[in-house]
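Read through the structure below, which is laid out as structure tokens, and then see the notes.
The values are calculated or read from the model by the stated rules, or taken from the named source; none is laboratory data. Note that the structure is a prediction, hence the values are computed from the model and not measured. All Cβ positions, even for glycine, are placed from backbone atoms using ideal geometry, and neighbour counts span all protein chains on display.
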Amino acid sequence: SGGRWKLNPQQLLEKSKKYMWLPFTQMSDYERDPLIIESGEGVVVKDIYGKEYLDGNSSLWLNVHGHRKAEIDEAIRKQLESIAHSTLLGAANVPSVLLAERLINIAPEGLTRVFYSDSGATAVEIAVKMAYQYWQNKGRSEKTKFVTLSNGYHGDTVGTMSVGSIDLYHKVYTSLLFDALVVPFPAVYRHPSGDAQTVCNESLQSLRELFEKRHSEIAGLTLEPLIQGAGGMNTMPRGYLKGVESLCREFDILLIADEVATGFGRTGKMFAVEHEGVRPDLMTVAKGLTGGYLPVAATLATEQVYDAFYGEYEEMKTFFHGHSYTGNQLGCAAALANLDIFERERLVEQASDKAKLLSELLHDLGELDHVGDIRQCGLICGIELVQDQKTKVPFPFKWRVGYRSTLKMRELGMLTRPLGDVIVFMPPLAATEEQLGEMVRILKEGIVWAT
Ligand code: PLP
């Protein structure tokens, strides 16, 4: 084992514990239950002992076609024969040009320009800076504030944490962040009415009140369309997204749709905003853009936004932002191959069919004593575990029910990570019916075991 490095698994585990510091991981947890992945094929990944796991969260919400998809592997190899990377500062590169055109062709109407970066967080950071500078460039210097939804998540950089709103991740940094205006997410599960339409109307009303009071200071609103990911897989009532769009138009506020998790077919459409015919001013994509292969992200903008930055250098309207690996050729080549497969295999339609099947499969889980809510949007699912179904009282934090159930799932042959006591289930679009069935079986066993 240890691949071509010929190290035994025990040595590798010891080295990982000695030298590494993993993201979003309490390292004492890792020391107790370490894991090193060595290879993958299709929707299965293998650890250094050769144990196989179904990829139950698409390697953190990004893998689309499975691992080692021949066409993407080949596209990267072919690109290597030309060049691996050159800077995008002041010079485009071939695959980045072609990908920009492809993205604009599939993006919601109105988006005409592609600005590259290398992670979801950087794509959102860029959208926030663009929205801010847009108003500065237009001489509306008082429009500096951002509105965001409670429990929103847009990444872990200082700017994206500022428009984020998850106490567990963000509270400790409060004095480091800029203040965003937070409006309540239209969550139905614990709302006293339990009625989606009521929740939708109330939430839009509170947004309207905020806009009426403060629109002249507000630059933009950020949201995750249709379903909030890291905030607990919270689905929006139908009509909310469209309502937010109308209010943004009415009050001259830029709408930033963060499609980092929802983009590329996961919700049953190419982009989640399409479900309600919403046309954002700025839209961010990452994760599934390369099929889950390489770190490429992008911020898409309308011509109106782009125009506000266009002029002679001396006019000081330039967008001074970029990263070393912005528009990396290998990544863009992978993304082009990814989009070819989407087209050829009609993946978006397939995802929509698979979502229906998944909803049937998940239905049974509702009968388990401690499953409080099952939230699904396409192939994005969250299963909330509660101590008491009737009162919806959560399990005590210290019990770590979500974490323990996913550890059990790992033992049973599926990888995923919880969000508190919400179990994330986000299979690759390529998962077959049989594999989906097997994953749901493991989900169930893991939940039963831990609760
Ligand atoms: N925005 C959303 C909606 C996300 O779900 C994520 C990641 O989970 C991000 C932004 C940040 O993306 P990245 O982890 O690539 O920085």
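Some points to look at:
- Filtering the stretch 16-75 to residues that are among the aromatic types (F, W, Y), closer than 30 Å to R346 by Cβ and assigned to a helix (DSSP H, G or I) leaves only W61.
- Filtered residues of the stretch 1-23 (kept if touching a residue at least 12 places away in the same chain (Cβ under 8 Å) and exposed (fewer than 11 other Cβ atoms within 10 Å of the Cβ)): G3
- For the stretch 148-180, taking the residues that are hydrophobic (A, V, I, L, M, F, W, C) and surrounded by fewer than 17 Cβ atoms within 10 Å (Cβ to Cβ), the one that is modelled with the lowest pLDDT is identified as L168.
- Test: H275 is more than 30 Å from R77 (Cβ to Cβ), touching a residue at least 24 places away in the same chain (Cβ under 8 Å), surrounded by fewer than 24 Cβ atoms within 10 Å (Cβ to Cβ) and over 20 Å from the mean Cα position of the chain (by Cα): no
- If the condition is being assigned to a helix (DSSP H, G or I) and closer than 24 Å to R266 by Cβ, then the stretch 360-402 contributes E360, L361, L362, H363, D364, L365, G366, G402.
- Residues located in the stretch 235-250, provided they are assigned to a loop (DSSP other than H, G, I, E, B) and within 20 Å of M426 (Cβ to Cβ): M236
- Looking at the stretch 93-202, the strands (runs of 3 or more DSSP E) lying wholly inside it that each contain 1 or more residues that are within 18 Å of the chain's Cα centre (by Cα) and within 13 Å of the ligand (Cβ to nearest atom) sit at 111-117, 145-149.
- Search result, residues across the stretch 169-212 that are under 19 Å from G232 (Cβ atoms) and in contact (Cβ under 8 Å) with a residue 60 or more places away in the chain: Y169, Y189, R190
- Note on the stretch 413-441: among residues that are crowded, with 18+ Cβ neighbours inside 10 Å and without any contact (Cβ under 8 Å) to a residue 40 or more places away in the chain, the one that is farthest from the chain's Cα centre (by Cα) is D421.
- Restricting Q376, Q387 to residues that are over 24 Å from the mean Cα position of the chain (by Cα), polar (S, T, N, Q) and within 21 Å of N234 (Cβ to Cβ) narrows the list to Q387.
- Among (1) of a type in the set (G, A, S); (2) over 30 Å from V128 (Cβ atoms); (3) outside the structural domain of Y134 (by TED's automatic domain parsing) - the single one G378 does not satisfy: (2)
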